[in-house]
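Down below is the structure, laid out as structure tokens.
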Amino acid sequence: AAFESLSSRLQSVFSKLKGKGKVTESDVNDAMREVRLALLEADVNFKVVKDFITKVKEQAIGLEVSKSFTPGMVVVDIVNKELTELMGGTQAKLAKANKPPTVIMMAGLQGAGKTTTTGKLAKLLQKDNHKPLLVACDIYRPAAIKQLQVLGDSIAAPVFSMGDQVSPVQIAEEGLRHAKENGNDYVIIDTAGRLHIDEALMEELKQIHAVVKPDEVLLVVDAMTGQDAVNVAKSFHELLELTGVVLTKLDGDTRGGAALSVKSVTGCPIKFAAMGEKIDSLEPFHPERMASRILGMGDMLSLIEKAQAGIDADKAAEMERKMRTAEFTFDDFLDQMEQVRKLGPLDQIMDMLPGMGKMKGGMKDLKVDEKQLGRVEAIVRSMTKEEKSRPELLNHSRRKRVAAGSGATIVEVNRLIKQFDDMRRMMKQFSSMMGPKGPKGLKG
Ligand code: GDP
């Protein structure tokens, strides 16, 4: 999965600090040396790394901490905050025109995922009840128009095309007019890419830009290409004033360099992240969630948002609160598991759960596959209502009963309960450390 090696390296650096009652200057220096290496190996721009380390050190050395927190935890929190800042701090939203339609121009090198992303973005907009029009301005790549039409058809979004014998500038202009006449409130223009940045391409993009005056110019970059992606972004930005970046292929084993460098090198925020080939695999980019994902703190918010899609926000917030305060019961656990099944690849889901990234290694004996989930479910269903909400009631004889009832062995039951306890404890730990207002009790 994305960032896996960066993530596990950072986690091992911090696990050394976490248990310490007092973190000395040399502890911080040692840790930061390792963090620095980990970031460089993840292909993060070296100047970005340097600034990052300086900032973290400034805050971490000489830190005074209240009794309820170990300094190690606070260092992790500082790193978490700085990683978040590095990726833009808060979520950068899509611009909206004062008067519709909002015009979004897509740009990027060939193969970055531009056409695919155009379709995905339309799908996201449709989810918010918008009516996007897709405009096919890539007349050079042989199958690009067809590809856009197929994508459009698959989500019932209209695609405006004039074939490949008309200039892209004219297509863009007519496309915009078409949108106005047909009540489309968003226009997404798929432009041509090249294998490398060249003048002819830039000239054409500039002309399209001048004609449609886009509210957004989104550069699509392939996260797998690391610092190359950042260089591409820099060049495009100089020539075309981008308003945002879309990172694609974050489902691959990208090292993280692009995600962590692009904002500080170009000043352009990452607005969306694509994590797969499917049309619904584009998500708004949340720096704070990505940071905690990298640090192995899970990405509960994304997970819950996914799991609760279609359920009201209050309920999602309640679930999140429960997870954070460790009021999480076996009932919630089952609930979540049912949702998880609908979500897709378990590997991705596991990465989003707090602590799971790290636990994955140690969990080989409890391999997560569908069959296993079925067994876990059976065990939980054999518990009484009381036991589910107060797992501490599960003494030996109750466990034996649950085992018998579910056809599982007592070892399996014990293991599940232990896991559940660990999970609750971890949630509690993370929540006290990562409260919405940051580390409470700092210097208090
Ligand atoms: P374009 O030349 O920039 O328009 O690129 P395309 O949209 O045709 O995409 C190039 C290839 O990348 C296609 O095979 C896509 O399916 C694939 N692709 C695009 N986005 C993603 C992504 O987020 N994850 C993965 N795994 N593949 C992607």
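For the pair Lys385/Asp128, report the inter-label distance in nm, with labels modelled 7 Å from Cα in the Cβ direction.
Calculated label separation equals 4.2 nm.
Want the number for Lys22 to Ser5: 0.36 nm per residue separation, take away the alpha-carbon distance, what's left?
Numbers: separation 17, 0.36 × 17 = 6.12 nm, distance 2.77 nm.
Taking Lys22 through Ser5 to full extension adds about 3.3 nm, to one decimal.
Could you please report the charge total around Ser154, scoring K, R as +1 and D, E as -1 over all other residues with beta-carbon less than 14 angstrom from its beta-carbon?
On the way: positive: Lys120, Lys123, Lys146, Lys278; negative: Asp153, Glu277, Asp280.
Net of charged neighbours comes to +1.
Report the net charge of residues surrounding Leu393, where surrounding means a beta-carbon distance below 15 angstrom and charges are Lys +1, Arg +1, Asp -1, Glu -1. The partial results should precede the final answer.
Working: positive: Lys385, Lys388, Arg390, Arg398, Arg399, Lys400, Arg401, Arg424; negative: Asp331, Glu386, Glu387, Glu392, Asp421.
That sum, taken over residues with Cβ under 15 Å, equals +3.
Can you check what the net charge comes to around Lys81, using other residues whose Cβ is under 11 Å from the Cβ of Lys81 (Lys, Arg +1; Asp, Glu -1)? Walk me through the intermediate numbers first.
Working: positive: Lys55; negative: Asp77, Glu82, Glu85, Glu288.
Around Lys81, the surrounding residues sum to -3.
Which distance in nm do the two modelled labels at Arg375 and Ala200 give, with both placed 7 Å along the Cα-to-Cβ direction?
With each label point 7 Å from Cα toward Cβ, the separation is 6.2 nm.
Taking Cα centroids, how far is region 251-298 from region 145-198 in Å?
Comparing the Cα centres of region 251-298 and region 145-198, I get a distance of 26 Å.
Take the Cα of Asp331, step 7 Å along the line toward its Cβ, and report every residue of region 386-401 whose backbone nitrogen sits under 16 Å from that point.
386-393
Values quoted throughout were computed directly from the atomic coordinates according to the rules given, and no laboratory measurement underlies them. Because the structure is predicted, anything quoted here is derived from the model rather than measured. Positions of Cβ are generated from backbone atoms using ideal geometry, with glycine treated the same way; all protein chains shown enter the neighbour counts.
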